[in-house]
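Accompanying notes for the structure given below.
The values are calculated or read from the model by the stated rules, or taken from the named source; none is laboratory data. Note that this is a predicted model, so its numbers are computed, not measured. Cβ sites come from the backbone with ideal geometry, for glycine too, and all protein chains shown count toward neighbours.
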Amino acid sequence: MTKQNDGSTPVAPTTTWREQAVARSLDSARARAESRVQRFLDAATELMNENPGKDFTVQEVVERSGQSLRSFYQYFGGKHELLLALFEELIRSSAEHLQRKVEGVDDPLERLHVFIIEHYRMARPSLKGAKVSTAKGAPVTPMMVDFAQRLLTDRPAEAAQAFAPMVALFNQLLDEAAEAGAIRSGLRNSFLSGTMLEAVMFNAFSTTIAGVSVRKDQDPAEELWDLFLHGVAVT
């Protein structure tokens, strides 16, 4: 029977010792699982940092993590799921970085500009491989670039889920710019954000179809922004 504190308001029964014991057990198991998963992610990140242009195997990740192959398959169905976890970390941390970059910008159109330029620069893979921990995001290596391309082509649903933090932030910036009259109103942001984000990513880590190389005096990120902003028509 539910207790009453003053005769009118029900008071929830206190948690039993059994429930507390089970909760502590579950919390402890969850913490151990998170620690083991993180060790696998850290191991994969280290391997990508050390050899950015080289693929790695599940066995190499297992050995680097100091855990067992059996433990690996308790948490990941295979290498694809490991790469997907790394990619999700990369997108999440990238969105958080971009959020911080635009927070100090007052003008809605300039916020879009900063987002595009910074996102372009972040999307460029580095063969040197910056030393980045999975807590801050996986490194943007050729391997992760290749994974992103295959994910968008072969598993669009997984790609959409992974890119959700980035898309949400960009949609917010587009809405704010439209409300301020800085861009055309009535645009379908779901289509616009996806198209622009894909253009930034693929332009950042590949040459153009025309095979045009970038001159030292050019900034391809700014050129892409100018194309987004003004298009090609004479107005």
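I'm told N51 meets every condition in (1) out of contact with any His (no Cβ under 8 Å at 6 or more places or on another chain); (2) at pLDDT 85 or above; (3) among the polar types (S, T, N, Q) except one. Can you identify the failing condition by its number?
Failed condition: (2).
Please go through (1) modelled with pLDDT under 90; (2) in contact with a Lys or Arg (Cβ under 6 Å, 6 or more places away or on another chain) for A210 and return the number of the only condition it doesn't satisfy.
Failing condition for A210: (2).
Every residue, every condition in (1) of a type in the set (A, V, I, L, M, F, W, C); (2) at pLDDT below 90, yes or no:
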| residue | (1), (2) |
| --- | --- |
| S126 | no, yes |
| G137 | no, yes |
| P142 | no, yes |
| L152 | yes, yes |
| A159 | yes, no |
| F170 | yes, no |
| L173 | yes, no |
| E179 | no, no |
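Just one of the numbered conditions (1) among the charged types (D, E, K, R); (2) surrounded by fewer than 15 Cβ atoms within 10 Å (Cβ to Cβ); (3) over 22 Å from Q149 (Cβ atoms); (4) in contact with a helix residue (DSSP H, G or I) (Cβ under 9 Å, 6 or more places away or on another chain) is not true of D55; which one?
(3)
If a residue must be surrounded by fewer than 13 Cβ atoms within 10 Å (Cβ to Cβ), part of a helix (DSSP H, G or I) and in contact (Cβ under 8 Å) with a residue 60 or more places away in the chain, how many such residues does region 169-197 contain?
1
Condition first: assigned to a helix (DSSP H, G or I), modelled with pLDDT under 85 and surrounded by 11 or more Cβ atoms within 10 Å (Cβ to Cβ). Can you find one or more residues in region 27-36 that meet it?
Checked against the condition, which is being assigned to a helix (DSSP H, G or I), modelled with pLDDT under 85 and surrounded by 11 or more Cβ atoms within 10 Å (Cβ to Cβ), region 27-36 yields no hits at all.
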